[in-house]
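For reference, the structure is listed below as C-alpha cells.
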Amino acid sequence: MYDRFFESSYGEYAKIGITAGPGLVWLLLLLLFPLVFLVTISFASVNDSYQIVYEFSVSNYVSLLEGQDGWFRTPFIDTFLLSMGIAVVTTLMTIVFAFPVAYLLARASGTLFKALLFTILLPFFTIYIVRIYSWYAFFGSSGIINSFLVWTGLVSGPVSLFNYGVFPIVVALAHAYFPYMLLTLYSSLDGIDYSVVEAARDLGSSRVEVAKDIVVPLSAQGLITGSIFVFVPSLGSFITPKFLAQGKVAMVGEILADRINQIYAIDFGSAGSIFLIIPCLIGFLVIFKYADLGGMRGI
C-alpha cells in the first residue's frame, strides 16, 4: 500500500518536474540569478581599475539619497520622481485612449473585428526605434506640429508644449505601450455578459451609469494588469527620453545607463536599479492580490 502511494506521488512529481522544470531553470538563469547579482553589486564598489570590490557598503545608497541639502534632496531623487510622474501620466493616457477602442473591439465580431484589430495594430509591426524617430520629426520648434500651426496662422511662433521635453516623451511612450493596454483590456471586456448592460439600459440607466457601475468594475482586472504592463516599462525607459527630451529633462533609466557607459559605475547603477525594481514588485503584488489570474488564462 505504501509502495503504491510513494510510486504514485513520485510519478506526479516527475510529471510536474518534466513540464515545469525547463521553465523554472530559465527563470532562475534569466531572472533570479541576475537579480541576486544586481543586489550584490549594489552593496559593492568599483575601484580605479574598474574592478568590482566585494566589500559590504551602503555608500551607493547613501549617495543616491543624501545630498548637500539633506536626505532625499539629490538629482537622482528628482529624476526618479519625474520618471514616476511620467510613467503615471503615460498609464492614464493609455487607459483613456485604449478603453473605448477595447470596448468597440469587444462588441465587434467577424470581419469588422479583424479589420479593426489589424488597422490598430499595423503601425506596431515596425521596430520601436523607427516609431521613436517618427515622433522625433513631429516635435521640436521646427517639427511638423509647430510648422503646421505657424503655417495655418493659429500661432505666431512655435508652441513650447510641442518642443522637446516631457510632453513628447509621454506621447511617444503612450503610443509605444498602447497595445499592451488595449489587448489586456480587450481580453477583460470580451468576457463580460453584455446582456447585463442591455438590461441596465432597459431599466433606465444612462450610458455613463452603465459604464461606471457595470463595465468598469467588471473590467477592473484587465485595467489593473494593463496598467502594470504600461507603467513598468515606462518607468525604466531610456531610449525615448534620449531622443525626445534633447537634454532638457532626463529619466532615471537614462541617467543610470549613461553613468554605467561613461565611467563603468555599475555599483551606482545597481543601487539605482533597485529603486526601479521596488515599484515593479509592488505592481506585481497588486496583480496577484486583485487580479484573477485563473480567469485571465481562461480557466
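The values are calculated or read from the model by the stated rules, or taken from the named source; none is laboratory data. Just so it is clear, the model here is predicted, and its values are computed rather than measured. Glycine also receives a Cβ, built like all others from the backbone with ideal geometry; neighbour counts cover every protein chain displayed.
A single member of F243, F288, F229 is at pLDDT below 85 and part of a helix (DSSP H, G or I), and it is F288.
The set of residues in segment 94-115 being more than 22 Å from D193 (Cβ to Cβ) and either under 23 Å from the mean Cα position of the chain (by Cα) or at pLDDT below 80 (or both) consists of T94, I95, V96, F97, T111, K114. Taking the listed residues G140, G191, the one that is under 17 Å from Q246 (Cα atoms), in contact with a helix residue (DSSP H, G or I) (Cβ under 9 Å, 6 or more places away or on another chain), not in a helix (DSSP H, G or I) and not polar (S, T, N, Q) is G140, with no other qualifying. Criterion applied to S147, S134 was being under 21 Å from M93 (Cα atoms), part of a helix (DSSP H, G or I) and of a type in the set (G, A, S), and the one residue passing it is S134.
Applying the criterion of being of a type in the set (S, T, N, Q) and part of a helix (DSSP H, G or I) to the residues of segment 17-46, the residue that is surrounded by the most Cβ atoms within 10 Å (Cβ to Cβ) is S42. With respect to the conditions (1) within 22 Å of P179 (Cα to Cα); (2) at pLDDT below 80, I299 falls short on a single one, namely (1). Listed conditions (1) closer than 30 Å to S270 by Cα; (2) out of contact with any Asp or Glu (no Cβ under 7 Å at 6 or more places or on another chain); (3) of a type in the set (A, V, I, L, M, F, W, C); (4) surrounded by 12 or more Cβ atoms within 10 Å (Cβ to Cβ) are all met by A211, apart from (1). Residues of segment 164-179 being buried (at least 20 other Cβ atoms within 10 Å of the Cβ) and either in a helix (DSSP H, G or I) or modelled with pLDDT of 90 or more (or both), which ones? Hits for segment 164-179 are P168, I169, V170, A172, L173, A174, H175, A176, Y177, F178. Restricting segment 47-74 to residues that are in contact (Cβ under 8 Å) with a residue 40 or more places away in the chain and not in a loop (DSSP other than H, G, I, E, B), the residue that is surrounded by the most Cβ atoms within 10 Å (Cβ to Cβ) is N60. Under the condition of being in a helix (DSSP H, G or I) and either free of Cβ contacts under 8 Å to residues at least 60 places away in the same chain or closer than 15 Å to D190 by Cβ (or both), the residues counted in segment 86-109 number 12.
Would it be correct to say that I129 is assigned to a helix (DSSP H, G or I) and surrounded by 15 or more Cβ atoms within 10 Å (Cβ to Cβ)? No.
A residue that is modelled with pLDDT of 90 or more and touching a Leu at 6+ places or on another chain (Cβ under 7 Å) occurs somewhere in segment 130-145.
Just the residues that are farther than 23 Å from L82 by Cβ and either basic (K, R) or crowded, with 16+ Cβ neighbours inside 10 Å (or both), please, taken from segment 146-163. Of everything in segment 146-163, those that are farther than 23 Å from L82 by Cβ and either basic (K, R) or crowded, with 16+ Cβ neighbours inside 10 Å (or both) turn out to be N146, L149, V150, P158.
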